[in-house]
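Chemist: One structure coming up, written as structure tokens, with questions to follow.
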Amino acid sequence: MLKKVFVGIAGLIFLIFILNNVNKANDMSEKINQEAGAVEIKGNITNEEDVYAVYDLLERNLQAANDEDVETYLQTLIPEAREATKKEMTTFFETYDVKHTLLSFEVRKEDGERILVKTQQRTVNEGTEEFRNHITEANHTFVKIDGEWFIEETAMSNTQFF
């Protein structure tokens, strides 16, 4: 009887060990894919060149935010938005140290001059100031000006804190 109980407990411990390692492997795989930039571009795509251009622009924007590089960040925005955004982002970068990661990218509409994209973005606090980690849905409007794409507007919604 004691032997059966021991075997049962050992089997349960082994099962917990296996499930824990599978979860760790899945988490690590997801993290590697996201950090490697393995975001699938989905949606209603009619002009791949334009879509990849705005995808690259958004990645450059997020990287500039991660690097706290105000000038590069501003260059991704429409010219009319730069002055107002400069003060706002300078203060943000001086106060917070956060890392932004693009999780998903879906083209909602494109017409040659504008592209609407819905993304999910994860923001994680890496500094000492209080900041709530979250995943948010961001709706970006990209506009083409003189043949070059810029971010015209970003509206955040459906923020989930963790």
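Chemist: On the basis of being of a type in the set (Gly, Ala, Ser), within 17 Å of the chain's Cα centre (by Cα) and surrounded by 13 or more Cβ atoms within 10 Å (Cβ to Cβ), does ALA155 make the cut?
Modeler: no
Chemist: What are the pairs with Cβ atoms under 7 angstrom where one residue, in region 67-86, is without any contact (Cβ under 8 Å) to a residue 24 or more places away in the chain and the other, located anywhere, is of a type in the set (Phe, Trp, Tyr)? Sequence gap at least six, or different chains.
Modeler: VAL70/PHE93
Chemist: Filter region 59-101 down to residues that are outside any helix (DSSP H, G or I) and touching a Leu at 6+ places or on another chain (Cβ under 8 Å) and give me whichever is farthest from ASN125 (Cα to Cα).
Modeler: My answer is THR76.
Chemist: Restrict the check to region 48-58 and report whether at least one residue is closer than 27 Å to PHE161 by Cα, of a type in the set (Phe, Trp, Tyr) and not in a helix (DSSP H, G or I).
Modeler: For region 48-58, residues closer than 27 Å to PHE161 by Cα, of a type in the set (Phe, Trp, Tyr) and not in a helix (DSSP H, G or I): absent.
Chemist: Could I ask something else about it? Of these, GLU110, GLU30, GLU40, which one is out of contact with any helix residue (DSSP H, G or I) (no Cβ under 7 Å at 6 or more places or on another chain) and modelled with pLDDT of 95 or more?
Modeler: The match here is GLU40.
Chemist: Of the residues in region 35-68, how many are among the acidic types (Asp, Glu), in contact with a strand residue (DSSP E or B) (Cβ under 8 Å, 6 or more places away or on another chain) and open to solvent by 60 Å² or more (accessible area, probe 1.4 Å)?
Modeler: 2
Chemist: Taking region 87-107 on its own, how many of its residues are aromatic (Phe, Trp, Tyr), touching a helix residue (DSSP H, G or I) at 6+ places or on another chain (Cβ under 7 Å) and without any contact (Cβ under 8 Å) to a residue 24 or more places away in the chain?
Modeler: So the count comes out to 0.
Chemist: Taking THR76 and the conditions (1) touching a Lys or Arg at 6+ places or on another chain (Cβ under 7 Å); (2) open to solvent by 30 Å² or more (accessible area, probe 1.4 Å); (3) over 21 Å from ASN44 (Cα atoms), which numbered condition does it fall short on, given that it satisfies the others?
Modeler: (2)
Chemist: Can you tell me which residue is surrounded by the fewest Cβ atoms within 10 Å (Cβ to Cβ) among those in region 136-152 that are within 15 Å of the chain's Cα centre (by Cα) and of a type outside the set (D, E, K, R)?
Modeler: Ranking the candidates gives ASN139 first.
Chemist: Give the residues of region 86-135 that are surrounded by 13 or more Cβ atoms within 10 Å (Cβ to Cβ), within 20 Å of the chain's Cα centre (by Cα) and farther than 29 Å from ILE45 by Cα, sorted by residue number.
Modeler: Within region 86-135, MET89, PHE92, PHE93, TYR96, ASP97, VAL98, VAL124, ASN125, PHE131, ASN133 meet the criteria.
The values are calculated or read from the model by the stated rules, or taken from the named source; none is laboratory data. Here the structure is a predicted model, which is why all the values come from computation and not from measurement. All Cβ positions, glycine included, derive from the backbone under ideal geometry; neighbour counts span all protein chains shown. For accessibility, only protein heavy atoms count, side chains too; no ligands or nucleic acids. Shrake-Rupley method; radii C 1.70, N 1.55, O 1.52, S 1.80 Å.
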